[in-house]
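**Q** Mind looking over this structure? Questions follow.
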Amino acid sequence: MTDGLRFEFQWEAAEDVNSPELRATWSRFRLFIGDDCLTLVQDHFTGEVRNWLDVPTYPLAEWVAMNWWFLTTPANISLIQTQADVDSPLRREKQQFLLTDHYSLASAGSGFPWPHLKLIPEKSCYLATVFPAENNLARVSFLGRGDYVLEFGETVRALAKLVDSTCRKLEDVGIQDTPLQVEWAAIQELDVEEEAFCAAAATLGFDPFEMEDATAHAIVDASKVTDDTGLFLELLSAVEPEQVVIGSQWLAAALARLGRSARDAESTSATDLKKQVLARSDARPPVLHSARTPWVIGYQRARLVRQVLGVPETQPIDIDDLVESASVRRAAPERIQALGSWATGTLVSVVGPDRATDRRRHFTQARTLSRYLFDGGSPTFIVAHGTTIRDRSERAFAAELLVPARGLEELLEGQFSNAARDKAARHFGVNRLVVEHQLENQLGVAALW
């Protein structure tokens, strides 16, 4: 990952500024990601290029505090996306609002220029994107451009430090009860249950302090399905806001089925595999520096697992020996693929009835295996169809584990007809779509449908 987000500011005198909180927090302000300066600007009048802004920290700190739960809770994959395939104008409008108002530093506004930096929180990292932009009111142009992956905890601490420093400066000059100070104090005073509710609301795209009672009650009722707050937030991050009840009902059924499956399942070899994989010096692929290359990690991890297992690239892998599979009759919301768990000592993947066929569930089992081997997070988790770095890496892992690109190329021997592709899918025991993806993404062969 890239070295972290860093705010630097030196307090400066600003006697001609009328607003007390702006005057007290006036500064020479710099913002960095690693060695890249995000406050590199060119002055429209003088042509000067400099790496700082003369601004108060108060507006930016207030924006961070007011959007704290959006900025520190992994975003809902159905709301935070940049693809233009959203069929609802209303949903497109809400997505644009969320991206600009809750996740972009430029929306701190108050008449001051701020870098056009979007911070999108994921499960264990942030996707950060900065792009050039003009601020005609402040007569500067921002020059920075880049995509970054930031460590989650360090980024949260950097944001909190900005707010804390600004609040302390206000207190030092005797300023009390500003909206920033009131909001930040309220956040600090929340108990564990209240924090969990705020995170749940933000995951669904709601301001936890400004939402309808019916919606709040629906979230609280749905949360009763599990005591695992992290698991519940994973559920919320994978469903549409209107699917909370349906999603919680599916989770309850899947958890019950998981318990029965653990009692009935035979021991798998996933535990031994994990020990062998982690013992390898190459168990951790090169550090991910860009949000654009998660599939590289997935491919590398899959090849490593096949090497450890000693399975030739032209041979199908027995995924059932590594991951037990169970199904529930209740259909899952469309983005949810499975509930996975190794909590009972057996790695199990619970899928819905629409994914119960062997070829469909094998891909989900492979994604479950990736989470178990390389994520190191909660022992019970949700596998979802999303656009996060982890989702894309898991899909690449599953494709390469089940259908190795080099093995597929050798098996096809230059024959790419529909019949040849169908035969390869049957050979590897997967849906033909997996074969198509491997051909197109790794071998440069166009799909036939």
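Bear in mind that the values in this text are calculations on the coordinates, not laboratory data. Computed from a predicted structure; not experimentally measured. We place every Cβ from the backbone using ideal geometry, glycine too, and count neighbours over all the protein chains shown.
**Q** Output the 0 to 90 degree angle, nearest 10, between the alpha-carbon long axis of helix 270-279 and the longest principal axis computed from the alpha carbons of the chain.
**A** 60 degrees
**Q** Using R₀ = 41 Å, calculate the FRET efficiency as 1/(1 + (r/R₀)^6) where r is the Cβ-Cβ separation of ASP147 and VAL311; round to 0.05.
**A** With a Förster radius of 41 Å, E is 0.70.
**Q** Please list, in order along the range 191-204, the HN-Hα scalar couplings obtained from phi with the Karplus expression 6.51 cos²θ - 1.76 cosθ + 1.60 (θ = phi - 60°), rounded to whole Hz, x for Gly and Pro.
**A** Taking θ as phi minus 60°, the curve returns 8, 4, 5, 5, 4, 4, 5, 4, 5, 5, 4, 5, 4, 8 Hz for the range 191-204.
**Q** Could you list the trypsin sites (Lys or Arg not before Pro) in the range 301-370 that lie in coil according to DSSP, counting only those with at most 16 other Cβ atoms within 10 Å of their Cβ?
**A** Sites meeting the loop and neighbour criteria: ARG329, ARG330.
**Q** Work out the charge dipole of the chain with +1 on the Cβ of Lys and Arg and -1 on the Cβ of Asp and Glu about the Cα centre, then indicate which of PHE7, ALA446, ALA216 is farthest towards its positive end.
**A** Comparing the listed Cα positions along the dipole, ALA446 ranks first.
**Q** Further question on the same structure: Kindly state, to the nearest 0.05, the FRET efficiency for GLU48 paired with ALA186, given R0 = 45 Å and r defined as their beta-carbon distance.
**A** 0.60
**Q** Related question: For ASP207 and SER417 in one chain, what is 0.36 nm times their gap in residues minus the Cα-Cα distance, to one decimal in nm?
**A** On the way: separation 210, 0.36 × 210 = 75.60 nm, distance 5.24 nm.
Between ASP207 and SER417, full extension yields 70.4 nm more.
**Q** Nearest 10 degrees is fine. How inclined is helix 213-223 to the longest principal axis of the chain, computing both from alpha carbons?
**A** 40 degrees
**Q** For a quick check: with amide H placed at 1.01 Å from N, whose amide H comes under 5 Å from ALA338's, ignoring anything fewer than 5 positions away on the same chain?
**A** Result for ALA338 returns VAL383.
**Q** Quick one: among ASP320, ASP191, ASP358, which has the greatest mean-square fluctuation in a GNM of the chain with alpha-carbon springs under 10 angstrom?
**A** ASP191
**Q** Still on this model: Taking amide hydrogens as modeled 1.01 Å from N in the peptide plane, which residues meet the under 5 Å criterion relative to SER327, leaving out close sequence neighbours?
**A** Amide H to amide H, under 5 Å and 5 or more residues apart or across chains, SER327 pairs with VAL351.
**Q** Still on this structure: How large is the helix-only mean residue ellipticity at 222 nm for the chain, computed as the sum of -39500 (n - 2.57) over DSSP H runs with n ≥ 4, divided by its residue count, in deg cm²/dmol to the nearest 500?
**A** About -13500 deg cm²/dmol.
**Q** Another question, if that's okay. What list of ³J(HN,Hα) values in whole Hz, one per residue of the range 152-164 in order, does the Karplus curve 6.51 cos²θ - 1.76 cosθ + 1.60 (θ = phi - 60°) give from phi, with Gly and Pro shown as x?
**A** Running phi through 6.51 cos²θ - 1.76 cosθ + 1.60 with θ = phi - 60° gives 5, x, 5, 5, 4, 5, 5, 5, 5, 5, 4, 5, 4 Hz.
**Q** Of the chain, which part is the longest with no GluC sites (Glu not before Pro) in a loop (DSSP not H, G, I, E, B) and with at most 11 other C-beta atoms within 10 angstrom?
**A** 267-412
**Q** First check a/c for the range 112-173, with a ≥ b ≥ c the square roots of the eigenvalues of its C-alpha gyration tensor; if it is under 1.5, answer rounded, and if not, answer prolate when a/b is larger than b/c or oblate otherwise.
**A** Numbers: a/c = 3.63, a/b = 1.05, b/c = 3.45.
Note, shape of the range 112-173 comes out oblate.
**Q** Could I ask something else about it? I need TYR299, TYR126 ordered by Cβ neighbour count within 10 Å, fewest first. Mind showing how you got there, number by number?
**A** Details: TYR299 22, TYR126 29.
Final ranking by Cβ density, sparse to dense: TYR299, TYR126.
**Q** Could you derive backbone 3J(HN,Hα) for the range 9-23 from the dihedral phi with the Karplus parameters 6.51, -1.76 and 1.60 (θ = phi - 60°), listing whole Hz in sequence and x where the residue is Gly or Pro?
**A** 3J(HN,Hα) across the range 9-23, in whole Hz: 8, 10, 5, 10, 6, 8, 5, 8, 8, 6, 5, x, 6, 6, 5.
**Q** Suppose every K and R has +1 on its Cβ and every D and E has -1 on its Cβ; what is the size of the dipole of the chain about the Cα centre, in Debye to the nearest 20?
**A** 1880 debye
**Q** Here is a further query. How far, in nm, would the chain grow between ASN136 and ARG168 when pulled straight, counting 0.36 nm per residue and subtracting the alpha carbon separation?
**A** Taking 0.36 nm per residue and subtracting the Cα distance, the gain is 8.3 nm.
**Q** Then there is this: Of LYS169, LYS275, how do they rank once you tally other Cβ atoms within 10 Å and put the fewest first?
**A** LYS275, LYS169
**Q** Using only the C-alpha atoms of the chain, find the volume of their convex hull and express it per residue in Å³.
**A** So the per-residue hull volume is 170 Å³.
**Q** Then there is this: In bins 5 Å wide, starting from 0, what share of all Cα pairs of the range 289-409 does each bin hold, as a percent?
**A** Pairs per bin, as whole percents: 2, 12, 22, 24, 21, 13, 5, 1, 0.
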